[in-house]
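The values are calculated or read from the model by the stated rules, or taken from the named source; none is laboratory data. All values derive from a computational prediction rather than experimental measurement. Virtual Cβ from ideal backbone geometry, glycine too; neighbours counted across all protein chains shown. Ligands, DNA and RNA are stripped out before the accessible areas are found, and what is left, the full protein with its side chains, is counted by its heavy atoms. Shrake-Rupley method; radii C 1.70, N 1.55, O 1.52, S 1.80 Å.
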Amino acid sequence: MDVNSHAEELASDLGVDKEEVKADLQNLLEYSVPIDEAKQSVRRKHGGGGGGSTPTPDAVDVGEITTDHDGVTVTVRVLTQGTRTIRYQGDDLTIREGEVADETGVISYTAWQDFGFEPGDSLTIGNAGVREWEGAPELNLNDSTTVAIADEEVEVDREVGGDRSLVDIDAGDRGRNVEVRVLEVDEKTISGRDGETEILEGVVGDATAKLPFTDWQPRSELTPGADLRIEDVYVREFRGVPSINLTEFSTVTPLPDPVEVAEDAPRLSIAEAVGSGGIFDVEVVGNVLEIRDGSGLIERCPECGRVVQNGQCRSHGDVDGEDDLRVKAIVDDGTDTVTVVLDDELTAEVYGGGLEDALDAAKDAMDKEVVAEEIADSLVGRAYRVRGNLSVDDYGANLDAAEFELADDDPAEHARAALAEVGE
């Protein structure tokens with residue numbers, strides 16, 4: 001983006017110093033303010049009003065829009081709309097966001113004011129800004145944007161409205177509606193932008209999947225076993241999987257009938273699971289190749305729970321670590337590998353004793369590594385069925401196990417069958 005050319009244009013229109021205008025623009029752009037909105041803000045600051053002299057851009061198809069466009073005019077149908085509040089330069093701003101489409105494609109949008117449209121409306125949107133969001137172009141509707149009902153209804157081969165099954169929820173979705181059963185709920189206190197904040201975290205499920213959720217305005221309806229319709233949520237990525245977020249604009253309505261919830265997790269080859277980029281609740285079967293360092297008897301920071309190395313916590317420095325048990329096992333099914341992490345309870349099961357037993361064994365041997373060695377002797381070379389939550393990042397794939405049991409089938413044969421099914 002050529003800030004100089006925008007600054008020169010504004011400075012000429014407003015009759016002010018170009019460098020001052022450029023500094024104002026750059027400050028706004030650093031906060032990811034769309035260029036059109038930034039220019040309008042600079043105009044208002046210097047008494048130039050909101051209109052400006054930029055002509056309305058020519059109409060383009062959605063499929064033609066790239067981040068090289070400064071502004072576009074499109075005729076589209078509104079697919080979804082969500083509402084939430086964001087904090088910008090110390091102020092709380094209410095935005096509307098979702099997706100619009102024409103016959104050539106779909107594009108997300110953010111409206112920085114309420115233009116009064118709803119899902120299903122056919123609109124001509126003039127002079128919308130374009131920025132990159134989640135690696136793709138996004139329309140930004142601001143003070144210089146015009147919105148009018150289109151002359152003709154826009155026909156699209158897309159679903160109108162935000163209703164989705166959990167399996168179809170993706171990180172970045174806005175304005176989604178789900179019908180779910182609440183499976184788990186925990187109350188938490190976090191340090192937020194306005195100090196300590198009470199939130200709810202947990203898990204919801206339907207017949208297709210299970211996903212984590214966060215309610216930023218704790219609602220009494222969100223109790224374990226409740227069957228609910230939740231409207232207007234947005235979706236963040238959390239530890240590699242989609243996480244449903246409820247805001248003050250979300251609505252929660254009890255359902256008259258129970259929601260069916262999938263009992264079994266999808267079983268995938270490790271390659272399929274890792275290739276997904278992260279899955280909440282998945283099952284794999286594989287052989288334990290080795291037990292990684294940091295397994296067995298470990299110490300955790302009493303403040304944050306991170307593993308302590310040589311008495312040092314990455315966040316809190318010198319600490320008196322608290323003893324705990326953990327296993328980090330490399331599991332292979334012939335298609336790929338994953339690091340399976342067992343918590344203290346699952347570790348105690350495979351070790352055959354709890355924390356006190358492990359401490360006694362380490363004291364007798366005068367070596368903490370004896371616990372990890374005994375676990376390795378028990379696990380390495382054997383096939384296990386693992387169910388849990390998979391996250392994938394730059395450091396690899398980790399599966400936080402909820403279940404870890406000896407397999408009753410051949411993981412290599414299962415992997416071959418899974419790959420054959422994908423290839424069909």
task: Quick one: dipole size for the stretch 163-242, taken about the Cα centre, charges +1 on Lys/Arg Cβ and -1 on Asp/Glu Cβ, in debye to the nearest 20.
output: 180 debye
statement: Order by accessible surface, 1.4 Å probe, largest leading, for residues 99, 303 comes to 303, 99
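Please give the length that would be gained between residue 393 and residue 367 if that part of the chain were fully extended, namely 0.36 nm times their separation in residues minus their C-alpha to C-alpha distance (nm, one decimal).
Difference between extended and current length: 6.0 nm.
Please compute the per residue accessible area over the stretch 86-137 with all protein chains in place, 1.4 Å probe, rounded to a whole number of Å².
44 Å²
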query: Once you sort the root eigenvalues of the Cα gyration tensor of the stretch 251-356 as a ≥ b ≥ c, which label holds: rounded (a/c under 1.5), prolate (a/b larger than b/c) or oblate (the other case)?
result: oblate
field: Surface accessible to a 1.4 Å probe, residue 382 within the full protein complex, Å²
entry: 110 Å²
query: GNM, the chain, Cα, under 10 Å: largest mean-square fluctuation among 306, 267, 96?
result: 306
task: Add +1 for every Lys or Arg and -1 for every Asp or Glu among the other residues with Cβ under 14 Å from the Cβ of residue 311, and state the total.
output: -2
- request: Calculate what fraction, in whole %, of the accessible area of the chain sits on carbon and sulfur atoms when a 1.4 Å probe is rolled over the protein chains.
  value: 41 percent
query: Mind ordering 313-319, 143-149, 119-125 by average Cβ neighbours within 10 Å, highest first?
result: 119-125, 143-149, 313-319
message: Over the stretch 165-235, with the other protein chains present, what is the accessible area per residue in square angstrom, probe 1.4 angstrom?
response: 46 Å²
query: Using the beta-carbon distance between residue 132 and residue 355 and R0 = 41 Å, what value does 1/(1 + (r/R0)^6) give for FRET efficiency, to the nearest 0.05?
result: 0.25
- prompt: Around residue 293, what is the net charge, scoring Lys/Arg as +1 and Asp/Glu as -1 over all other residues with Cβ under 15 Å from its Cβ?
  reply: -1
task: Return the sequence-ordered ³J(HN,Hα) values of the stretch 105-121 in whole Hz as given by the Karplus equation 6.51 cos²θ - 1.76 cosθ + 1.60 applied to θ = phi - 60°, using x for Gly and Pro.
output: x, 10, 9, 7, 9, 10, 9, 8, 8, 8, 8, x, 8, 9, x, x, 5
query: Ignoring ligands and nucleic acids, what accessible area does residue 35 show with a 1.4 Å probe (Å², nearest 10)?
result: 10 Å²
- request: Note the full-extension length gain between residue 409 and residue 23 as 0.36 nm times their separation in residues minus their Cα-Cα distance, in nm to one decimal.
  value: 132.4 nm
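Could you check what % of the DSSP bridge pairs in the chain are antiparallel, to the nearest 5?
Once the DSSP bridges in the chain are tallied, antiparallel ones form about 90 percent.
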field: Net lengthening on full extension, residue 293/residue 64 (0.36 nm per residue, minus Cα-Cα)
entry: 77.3 nm
- prompt: How much FRET efficiency would the formula 1/(1 + (r/R0)^6) give for residue 377 and residue 190, where r is the Cβ-Cβ distance and R0 is 41 Å, rounded to 0.05?
  reply: 0.50
- prompt: Name the residues of the stretch 181-218 whose amide N is less than 17 Å from a point 7 angstrom out from the Cα of residue 253 along the C-beta direction?
  reply: 181
message: Going by amide H atoms built from the backbone, whose H comes under 5 Å of the H on residue 246, apart from near neighbours?
response: 214, 215, 216
field: Average silhouette area of the stretch 96-180, convex hull of alpha-carbon atoms, in square nanometres
entry: 6.2 nm²
- prompt: In percent, how large is the relative contact order of the chain, given Cα pairs closer than 8 Å and 6 or more residues apart?
  reply: 10 percent
- prompt: So how long is each side of the stretch 302-387 along the principal axes, counting just the alpha-carbon atoms, biggest first, in Å?
  reply: 42, 31, 19
- line: Here the Cα Rg-to-2.2 N^0.38 Å ratio for the chain is 1.22
- prompt: How do 351, 109, 395 rank by accessible surface area computed with a 1.4 Å probe, from largest to smallest?
  reply: 395, 351, 109
field: the chain: Lys pairs at Cα distance under 15 angstrom, eight or more positions apart or on different chains
entry: 4
